[in-house]
Structures are given as C-alpha cells and as structure tokens.
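Just below is one structure, and these are the notes that go with it.
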Amino acid sequence: MSKFIVTVISLFGVLLFTGTASPQAGDDLAKLKKELDQLKREGELHKKEIELLKKEIEPLKAKAKAMPDSKYLGRWKLVNEKGVVSSYLTITKLGALRDHAPKFPGSLEVVGNEVRLKWEDGFRDILRLGSDGKMTLYALDRVGADEETDWQGSPRFLLNALRIPK
C-alpha cells in the first residue's frame, strides 16, 4: 500500500514540477501506471493466498483436540472409598503424570464432562465431574497397542479425586 502512495505522490510531483504534461512526464506517467497495475495484481494474488491459507487452516482447527478446561487442571489426590490415599495425579495442558508411574506419562482429551487419560503403559482412566460437583477417577482396563479403548466399559475400580490447592 505504501508503494501505491509513493507512486501517486510521484505522479503528482511530476505534474506539479513541470506544470504541464511534457513528453518526459508522459513517460514517467506511463511507468507509474504500469507500476500501479503491477501492485494491484500483487495485492489480488496476496488476497487469494490468504483465502487459500484460511481454507487449509479450517480442517486443522476441526481436528485439533480441545484443551482441558481449567476445572481439570492441577494436582489431584486419589482416595479410595475408605479414605485411604491411593495415589496422586497431575494434569496440565500438555498432558498428565501419575506419581506412582512417572516413566509412563499420559495424553488427555476432554469429552463432555470428563477427561480421558491414555497412559503410555496401556492403562486408561477417566476423570469425571459428577452432577454433585465431585470428581471421580474411573480406572479402566489396560489395552494393547492395537486395541481400542472401551470408554463406556465397566471400571476396574473407582477413586474419589480431590484437588490439591496450590
């Protein structure tokens, strides 16, 4: 856009300086018009490139995994039905980690009112927000590398999840 302004100012300056349109001014005017046409074509190409990039980005946005809601982020103490601490779990925007298995981090995906945790050792867990406002961890069966997780299956056991304040 700034080249356009310079071109217009240059054209105006030539006419102002000479007072009339001399043959030299005519040549300059033709060159400036040619340059202006070139800038317009480049601008149109730039707009088309932007449109194409937007079309490429839309499918990528649709495939992107949702980041966990802040209600799931943080450190969790997992307690059994007798009130005994079973283990600890940390969930960040980048993934999850269990204190008892630090060599097997996990990936996560938010689905509705739950976070689905896939651990590298094959175990699967669900951290679910109940209608009563309490978090519960559903420990699912371990799956092999070529198996799909049955997220609706019966859990091996349940643990109450208590957020540890920072």
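Computed from the coordinates by the stated procedures, all read-outs in this text should not be read as laboratory data. Bear in mind the structure is a predicted one, so any value in this text is a computation, not a measurement. As a convention, Cβ positions derive from the backbone with ideal geometry for all residues, glycine included, and neighbour counts pool all protein chains shown.
Within the set of other residues whose C-beta is less than 10 Å from the C-beta of Asp150, count the net charge using Lys and Arg as +1 and Asp and Glu as -1. Walk me through the numbers before you get to the answer.
Values: positive: Arg124; negative: Asp141, Glu147, Glu148.
Within the 10 Å Cβ shell, the charges total -2.
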As straight-line cross-link partners of Lys71, the qualifying lysines (C-alpha separation under 22 Å, not fewer than 8 residues apart within one chain) are Lys93, Lys118, Lys134, Lys166
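Taking neighbour Cβ counts within 10 Å as the exposure measure, how do Trp151, Trp76 sort from fewest upward? Spell out each step's value before the answer.
Working: Trp151 13, Trp76 23.
With the sparsest Cβ surroundings first, the list reads Trp151, Trp76.
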Packing-ranked peptide list from 32-41, 103-112, highest mean Cβ count within 10 angstrom first, is 103-112, 32-41
Can you list the HN-Hα couplings for region 92-107, worked out from phi with the Karplus curve (6.51, -1.76, 1.60; θ = phi - 60°), rounded to whole Hz and with x for Gly and Pro? 10, 5, 8, x, 9, 8, 9, 4, 7, 9, x, 7, 10, x, x, 9
Classified through the alpha carbon gyration tensor (a ≥ b ≥ c as square roots of its eigenvalues; rounded if a/c is under 1.5, else prolate when a/b is larger than b/c, else oblate), region 74-164 comes out rounded
From the phi of every residue in region 77-91, what ³J(HN,Hα) in whole Hz does the Karplus formula 6.51 cos²θ - 1.76 cosθ + 1.60 yield, where θ is phi - 60° and glycine or proline is x? 9, 9, 10, 7, 5, 8, x, 8, 5, 8, 6, 10, 9, 10, 10
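Where nothing but the Cβ of Lys and Arg (+1) and of Asp and Glu (-1) is charged, how large is the charge dipole of region 44-166 around its Cα centre, in debye to the nearest 20?
Working: 23 positive and 19 negative charges, 121 e Å.
Here the size comes out at about 580 debye.
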